[in-house]
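K.L.:
Next up is a structure, given as structure tokens.
The values are calculated or read from the model by the stated rules, or taken from the named source; none is laboratory data. Just so we're clear, the structure is a prediction, and the values are computed from it rather than from any experiment. Cβ placement follows ideal geometry from the backbone for every residue including glycine, while neighbour counts extend to all protein chains displayed.
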Amino acid sequence: MELMKGKKGIIFGVSNTHGIAYGIAKQLFDEGADIAFTYAGEAMEKRVKPIAESMNAKLIMSCDVTKEDEVKAVFKECERIYGKLDFVVHAVAFAPKEDLMGRFVDTSKEGWDIALGVSAYSLVTVCRNAEPIMNEGSSIFALTYLGSVLSVPSYNVMGVAKAALESAMRFLAVDLGSKGIRVNCLSSGPVKTLASMGISGFSKMLKAATLRAPMKRNVSLEDVGRAGLYLASDLSSGTTGEVIYCDCGCHSAYASADEMDILSKAE
């Protein structure tokens, strides 16, 4: 039996077949979900449209999540096509590249505003406009990362944005909970995607995560996709206001034996 059969929802943020949002979309689609897609402007349309069409999407629409009128228009169209929705996936984040380099103390005010506006406040905008057309028992979740609670080299202002995202999620869970709408975050370990490769030293982050993780490997798109499937489906019917980690246990370990061995040899 398909877990998501009869379920309808939308994903903000799919950009290519190598990203986390795609991994989640594929799991949802394979389990029978009816998915709508958005893309950020004409430049992304060529990438997103073929993916959406391959999943038989009835709605493929441009949306800048920093513009409330565009978010409002997307959900109005969702209501026209689908009626009520069962899930919303927020997979949108951005910070100027120069603010992901060097020292955090040198973060520009403009970079700060952009990062928090796109990556965190947009979840508030999405929830506000999704709320009227969400079914009871529905799910909204956003993608986050360990850099929200720990300093990670070169993650800089994006870590602050993810911390704001997670905090916003908890307040949104309270606001929407009485209507039976769950709001959570999914914290993935580092995954080699086009977006992540824009982070300076990301290859070292992958190696560090492998050393520290109890499972001695990095997560795959399939791992994260299945975690997303859990949050979007009725399997997580009693879970809200939570950050669900899917990082092979990396967040739970201060240091691994392998790391300690490396440090001892360096002495």
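K.L.:
Quick one: in segment 75-121, of everything that is assigned to a helix (DSSP H, G or I), modelled with pLDDT of 95 or more and among the aliphatic types (A, V, I, L, M), which residue is farthest from Pro132 (Cα to Cα)?
P.N.:
Among them, the one singled out is Val105.
K.L.:
Still on this structure, please answer the following. Conditions first: (1) in a loop (DSSP other than H, G, I, E, B); (2) in contact (Cβ under 8 Å) with a residue 24 or more places away in the chain; (3) surrounded by 19 or more Cβ atoms within 10 Å (Cβ to Cβ). Asn16 passes all but one, so which condition is the exception?
P.N.:
(3)
K.L.:
Still on this structure: Check whether at least one residue in segment 210-217 is at pLDDT 95 or above, of a type in the set (Gly, Ala, Ser) and surrounded by 12 or more Cβ atoms within 10 Å (Cβ to Cβ), and report yes or no.
P.N.:
no
K.L.:
Since Thr193 meets every condition but one in (1) outside any helix (DSSP H, G or I); (2) at pLDDT 95 or above; (3) out of contact with any Leu (no Cβ under 8 Å at 6 or more places or on another chain); (4) buried (at least 18 other Cβ atoms within 10 Å of the Cβ), which condition does it not meet?
P.N.:
Failing condition for Thr193: (2).
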